[in-house]
Structure formats: structure tokens, C-alpha cells
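Presented below is the structure to which this report refers.
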Amino acid sequence: MKKIMVATDFSERSDRALRRATLLARQVGATIALIHVVDDDQPRRIVEAERDEAEALLHQTAQTLRDVDGVECETRVFLDLPFAGIIKAVDEMAPELLVIGPYRRQVLKDIFIGTTAERTIRSVSCPVLMVNAHPAGNYQHVLQTTDLSDCSRDALRRFPVLGIGEGARNTMLHIYDAPALRLVMSHAMPKDDREHYLAGEHKDASRDLAEFLATAKIGNVVPMVRHEASAAHHEILKVAESEKADLIVLSTHGRTGLAKLLIGSVTEKVLRTSSIDILAIPPLRSA
């Protein structure tokens, strides 16, 4: 990884993202592209004043990164709507990773159009790291997740190239369904039959995950399967907490297909509720 982009609005949330990006840049030897978007749907004098102030703040921050952290940093100000400006920055500057601050809740707006973070993750071609926790060092336990789909495989193949998981414990989690337990009369199933059925489903899921990892040629991970006893995003977060993971890796496209355009996908629900950092990786599109 050669270039990490950080989108900042100069808030504490963005400072958190910049600190994580700085740690990653030092870990993998990358440079940082620090960008800010000024909303250009304002009177011209306000836009120009905000642009000048942003350029000064970015320059000051870049100088600190060079002098204190030893990380090279370039800066740009874009005039656009926040979402569109970030997309434009990614297209023009071609980072291998985009780092953003944590999810900010604006309930009614989010229900209808989604957050800037979610819209950005849907639209950019590079992986996006949402920094929810206060950075304290390099990642120690990375929880990668998969639904065993081709899109998930293609996305997860991009992860080792970033270098983020080097030196960390890496776990590959697959949440499996147990269809018989979703039937209307499943509550009447005897306990022994239920346990036998779940044991069989667990064994099948473990086999399927092992085959997925072998076919995808994904190594250096500890495989783990869990029954989807509740919603999949709840299970992912429960495992992350119990295993003390400090980064969750998700694919932005899986079996959900067009459902990804709607609020409610597993990735979006994890993004909205996690206190742990989230790395969302799209599959690498062939030219």
C-alpha cells in the first residue's frame, strides 16, 4: 500500500481517523493524502473563505505529520457536496485505502438517503476504513468475515495487499444458517434433536469454510463458524467482542445483490452499530 487518503472535516471524529491513518502509514511505509470538502452550495464569499481556512489547516497538519510522525502528506481542498467531493477525490488521487471518521447519527436523514459514509462506501472502488475506536497502536486481532460468495472471496483477496493485518492475529468468521430452526414448529423440536441438528450444520459449515479458504487461496487465518442465532450483524459483533477483535473486515457486496442499495444489509448494520473499527472492501473489478 502506497497511498492512504483521509477525508477530514476537522472534527474530533476526523482526528481519530487521521491518527489511525498515520499509524498505518508508518506501519506499511505509505504516504497520506489529506483532503477536505467545502460545500459549494453557499454564497461565493463563504465558499472562498472556508476554502482558504481549510487550505491553511491542511497545510499545518501536513507539516506536523512530516516533522513529528515522519510521514509524507499531500493536501487538497475540493469544492462540492461532501459525498460527491470524496468520490471525486478518490477518483483523481487513486488511494489504495480511504480512512474516514466514525458514523454520525442523523436519524431521519439516514433513513431516507443513508449517511455520507455509507454512500461513499457503496460508490468508491477502494477499501474504506471507518475508525470508531481511539487508536492506541497497530491492530492486534483482525476479524475477517465471509458469506462464502464469490464476491466475498474477491474482496477478501484484497486484504493482505493492504498490509493492515500483518503481525496481528487473523480470524475468518462465517455465520451459518440453520433453516429447520426457522420453521413455525421448530420450538417443538426435542432438545436432543435440536442439538444433533445444530452439530450437523456446524460440521457442514466448517467444511464449507475450509473449502472456501482453500479455493480462494486465503491463508494465515484461524477459521471460525457460528450459528446465526440472531441477526447476522449481531452475531458478528458478539464474536468481535468475545474474541477482543479490534478490526472487523467486511465485503461490501455479497449474496444480498440489489439489497445492498437499501438500508438493512449486514455491512450497513455493522457500520451503524459497531464501536470497533470497520474495514469495508469491495471486490476488485476486472478491467
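The values are calculated or read from the model by the stated rules, or taken from the named source; none is laboratory data. The model shown is predicted, which means the values in this text are computed figures rather than measured ones. A quick note on method: Cβ atoms are made from the backbone with ideal geometry, for glycine too, and the neighbour counts reach across all protein chains shown.
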#### Entry: Of the criteria (1) more than 24 Å from residue 162 (Cα to Cα); (2) modelled with pLDDT of 95 or more, which one residue 73 fails
(1)
### Message
Given the criteria part of a helix (DSSP H, G or I), at pLDDT 90 or above and surrounded by fewer than 16 Cβ atoms within 10 Å (Cβ to Cβ), does residue 202 qualify?
### Response
yes
### Residue, modelled with the highest pLDDT, within segment 240-267, restricted to residues that are surrounded by fewer than 18 Cβ atoms within 10 Å (Cβ to Cβ) and among the small types (Gly, Ala, Ser)
242
### Task
Among the candidates 133, 155, 180, single out the residue that is aliphatic (A, V, I, L, M), under 15 Å from the mean Cα position of the chain (by Cα) and either at pLDDT below 85 or part of a helix (DSSP H, G or I) (or both).
155
#### Entry: From 19, 44, residue being closer than 16 Å to residue 164 by Cβ and either among the basic types (Lys, Arg) or in contact (Cβ under 8 Å) with a residue 12 or more places away in the chain (or both)
19
### Message
Pairs please, first residue from segment 158-176 and under 16 Å from residue 280 (Cβ atoms), second anywhere and outside any strand (DSSP E or B) and of a type in the set (D, E, K, R), Cβ atoms under 7 Å, 6+ apart in sequence or on different chains.
### Response
162/96
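Residue-wise test of (1) surrounded by 18 or more Cβ atoms within 10 Å (Cβ to Cβ); (2) charged (D, E, K, R); (3) touching a helix residue (DSSP H, G or I) at 6+ places or on another chain (Cβ under 6 Å); (4) not in a strand (DSSP E or B).
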{"residue": "4", "(1), (2), (3), (4)": "yes, no, yes, no"}
{"residue": "27", "(1), (2), (3), (4)": "no, no, no, yes"}
{"residue": "32", "(1), (2), (3), (4)": "yes, no, yes, no"}
{"residue": "37", "(1), (2), (3), (4)": "yes, no, yes, no"}
{"residue": "58", "(1), (2), (3), (4)": "yes, no, no, yes"}
### Query
If we scan segment 61-79, do we find a residue that is hydrophobic (A, V, I, L, M, F, W, C), under 17 Å from the mean Cα position of the chain (by Cα) and crowded, with 17+ Cβ neighbours inside 10 Å?
no
### Query
Does residue 194 qualify as being surrounded by fewer than 20 Cβ atoms within 10 Å (Cβ to Cβ), under 29 Å from the mean Cα position of the chain (by Cα) and in contact (Cβ under 8 Å) with a residue 12 or more places away in the chain?
no
### Message
Can you go through 40, 80 and tell me which one is touching a Gly at 6+ places or on another chain (Cβ under 9 Å) and at pLDDT below 95?
### Response
40
